[in-house]
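The values are calculated or read from the model by the stated rules, or taken from the named source; none is laboratory data. Keep in mind that this is a model prediction, so the values were computed, not measured. Reconstructed Cβ throughout: ideal geometry from the backbone, glycine too, with neighbour counts over all protein chains shown. What goes into the accessible areas is simple: the full protein's heavy atoms, side chains included, and nothing from ligands, DNA or RNA. Shrake-Rupley method; radii C 1.70, N 1.55, O 1.52, S 1.80 Å.
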Amino acid sequence: MIIKEGDTRAMAYLIQSGKVGVFTEGDSGRKIELAVLGKGEIIGEMALIADEVRSASVEALEDCNLIMI
């Protein structure tokens, strides 16, 4: 797990290689997939911009290299 929904950490990541899945959990605890992101895309920026907790979770779908920003 790269980012956990509800966390308060203030950092974002640039995906240098690999793919990640962005998801949230429904009321029943079931995983709801929101997006699959890859090289050149940024994750975690919404919590920084809005100064709020993480609105979704992100997990690696394959080996990834991430740059912390």
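Computed values, structure above
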| item | result |
| --- | --- |
| Carbon/sulfur fraction of accessible area - the chain, other protein chains in place, 1.4 Å, % | 50 percent |
| Listed candidates (i) 33, 26, 15; (ii) 49, 17, 16; (iii) 28, 24, 22 - label of the one calculated as Cα extents along the principal axes in Å | (i) |
| Nearby lysines by direct alpha-carbon distance to K31 (threshold 20 angstrom, same-chain neighbours under 8 apart not counted) | K4, K19 |
| Per residue accessible area of the chain, 1.4 Å probe, in Å² | 68 Å² |
| Computed [θ] at 222 nm, deg cm²/dmol, the chain (DSSP H ≥ 4; -39,500 (n - 2.57); rounded to nearest 500) | -2000 deg cm²/dmol |
| Total formal charge among the other residues, if their Cβ is under 14 angstrom from that of K31, Lys/Arg +1 and Asp/Glu -1 | -3 |
| Lys, Arg +1 and Asp, Glu -1 on Cβ, resulting dipole of the chain about Cα centre, debye, nearest 20 | 120 debye |
| Under the Karplus curve 6.51 cos²θ - 1.76 cosθ + 1.60, θ = phi - 60°, whole-Hz ³J(HN,Hα) for the range 31-39, x wherever Gly or Pro sits | 6, 10, 6, 9, 6, 10, 10, x, 3 |
| Among 22-31, 4-13, 53-62, the order from most to least packed when residues are scored by Cβ within 10 Å on average | 53-62, 4-13, 22-31 |
| Residues with amide H under 5 Å from that of I3, placed H, sequence gap 5 or more | V58 |
